[in-house]
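Structure first, then comments.
Throughout, read-outs are computed from the coordinates displayed, never taken from laboratory work. All values reported here derive from a predicted model rather than from experimental measurement. Here Cβ is always computed from backbone atoms with ideal geometry, including for glycine, and neighbour counts include all displayed protein chains.
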């Protein structure tokens, strides 16, 4: 059988297919997704569940003239395959290849760059308003998952869209999941609608049975009217109507004919409309259907079996001990229970671990409220997602100086998820906040010690740690109380001081070993704390060697190195030469972590080369100054 996908170069090619060809296309798309995501890593279950929906959208709407906005964007792989990126698809999530999310820089069919949940309706409304002002007539479609309905920004946009009463189509892809099962009151509301899967099947069966009977058409019409009346009573659709939206659904999200009928109907509406689509996450691949959380995001194939625990797992293991030892400790996750490795702990502490959904702002202020009443809240959150709660951290936690602990997973370079997910800004945006303590462990043991220390600290404290396997010796049984703001020297040398923080410390130590082979004797400092800095240790080391290289997996602007420069300036240490290594003023693209660290000279060989170049430049400057004639 010839491949249907081979014939698809742009969306209008999909509109030429008959029903049998569409069925084959969906099968081929699923086979390709399973193969390529298994090889490259990425989001599998969510894309498998959106195959028929994506095909139907491109049959009913005319992209890129019609705007299709994907929320969060990790379910846009099929969209990429149908919009001219089929030949590039093997490069998915690879350096300089296709992004794992919708990206305006990649294709005109990607109407909005997305990576954080809950943005689609706001962006779509902006596009719809622009269309209206320009007198246009194209359609704007926001495709949002039910997990994003836990996001407050979504309701702000829904409220405004209903007020403006402009033409806008919101497709609610409801699979009962974000990464973990969707939580909250609205999830319970949707469960009532989701329970109508049986109703959808019954409707199909009734249609099939009545069609050949005499008077079957009249019977079906009578049943339709009865159904409409009953549906108005039992279906809890009033929430959408109160927001100013028409409601259409629920629709079988794996029936292209039903999807097309619904989308064509939605296309004719003169006001905002919700099209409620029921899908199965992982559809067509039984392992993913049975365990959609596990198959939400996969690591690339061929990475080998490594039993070393990840930093996320070490965090969860340590927090488990803190929960058992101290009844005042509670944990808050923003739809990242799986990502933060907290699933098993929820079973043990169902009343002390709260998953608030994709609601980072609420998570932070909830923690602030808990802290005012004497509890010790730990907010387990990815670095890139804490950005969304900047004001809550500043205003609700730091201003009243509340002892909230922020466990910042995936800080620094995260790899293949790319520019929307790199955690390269937290040292900068947290560093400007008064009362905030910021630290980063050099290895797995130090992560445990910092968590142990954090529960006795009476101030806001952020602990940033990287994505990946925990470095260092086997985990210690006894946890240590560390002094706030104290660094450590882990190697003594006389020629240069290299200071790292967090994930850069061990590469700095390795770089020092490379330098030793070349006859350069380096001091290596584990800063441990970005705020407060260990003023005494840093100034002593700087004044002894006069040459310092500072290494961080963070943007250089306002980062750790900038804070050290400020310290040296205040101490009038103008004779100390400093070089900073970190991320320049740019967003870090997607690619493997090791590759990206190498490109930014944040691995051991790169740090060593930068140190040699720095020493060479300092020496050349000293020689030039020594030969400069003194004016008479």
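Couple of notes before you dig in:
- DSSP beta bridges fully contained in the chain are about 15 percent antiparallel.
- Helix-only mean residue ellipticity at 222 nm for the chain, each DSSP H run of n ≥ 4 adding -39500 (n - 2.57), per residue, nearest 500: -12500 deg cm²/dmol
- Where N is the number of residues in the stretch 531-578, Cα Rg divided by 2.2 N^0.38 Å: 1.07
- Compared with the direct C-alpha span, the chain from residue 566 to residue 18 gains 190.6 nm at full extension, assuming 0.36 nm per residue.
- In plain terms, the C-alpha convex hull of the stretch 311-464 casts an average shadow of 8.0 nm² when viewed from every direction.
- Modelled label reach - residue 595, point 7 Å along Cα→Cβ, the stretch 82-118 residues with backbone N closer than 12 Å: 91-99
- Label-point gap, in nm, between residue 238 and residue 546 - each point 7 angstrom along Cα→Cβ: 8.0 nm
- Mean separation of Cα contacts under 8 Å (6+ apart) over length of the chain, as relative contact order %: 11 percent
- Helix 216-234 and the longest principal axis of the C-alpha atoms of the chain enclose an angle of approximately 40°.
- Solvent-free Debye scattering, log10 I(q)/I(0), computed from the Cα coordinates of the stretch 569-632 at q = 0.16, 0.21 Å⁻¹: -0.74, -0.95
- Fully extending the segment from residue 347 to residue 160, taken as 0.36 nm per residue of separation minus the present Cα-Cα distance, adds 63.4 nm.
- Taking the stretch 385-452 and dividing mean pair separation by its residue count, relative contact order in percent (alpha carbons under 8 Å, at least six apart): 25 percent
- Among [x] 66, 27, 22; [y] 51, 27, 22; [z] 62, 32, 22, the entry that matches semi-axes √(5λ) of the Cα gyration tensor in Å as calculated here: [y]
- Between residue 137 and residue 27, the distance separating the two model label sites (each 7 Å from Cα on the Cα→Cβ line) works out to 4.0 nm.
- Working ranking of peptides 525-535, 594-604, 260-270 by packing, defined as the average number of other Cβ atoms within 10 Å per residue, highest first, is 525-535, 594-604, 260-270.
- Taking all Cα pairs closer than 8 Å and separated by 6 or more residues, the relative contact order of the stretch 1-97 comes to 37 percent.
- On Cα atoms only, tilt of 360-372 relative to the major axis of the chain in degrees: 60 degrees
- Residue 516 versus residue 618: modelled label distance in nm, points set 7 Å from Cα along the beta carbon direction: 2.0 nm
- Helix 152-164 axis, angle to the chain major axis (alpha carbon atoms, nearest 10°): 50 degrees
- DSSP-defined antiparallel bridges as percent of all bridges, the stretch 311-464, nearest 5: 5 percent
- For the pair residue 88 and residue 480, the difference between a 0.36 nm per residue extended length and the Cα-Cα distance amounts to 136.1 nm.
- Report note on the peptides 578-587, 538-547: ranked by the mean count of other C-beta atoms within 10 Å, highest first, their order is 538-547, 578-587.
- Divided by 2.2 N^0.38 Å, where N counts the residues, the Cα radius of gyration of the stretch 299-393 comes to 1.15.
- Taking only the alpha carbons of the stretch 488-626, we obtain Rg and Dmax values of 14.4, 46 Å in that order.
- Relative packing of peptides 310-322, 112-124, 607-619 - highest average C-beta neighbours within 10 Å first: 112-124, 310-322, 607-619
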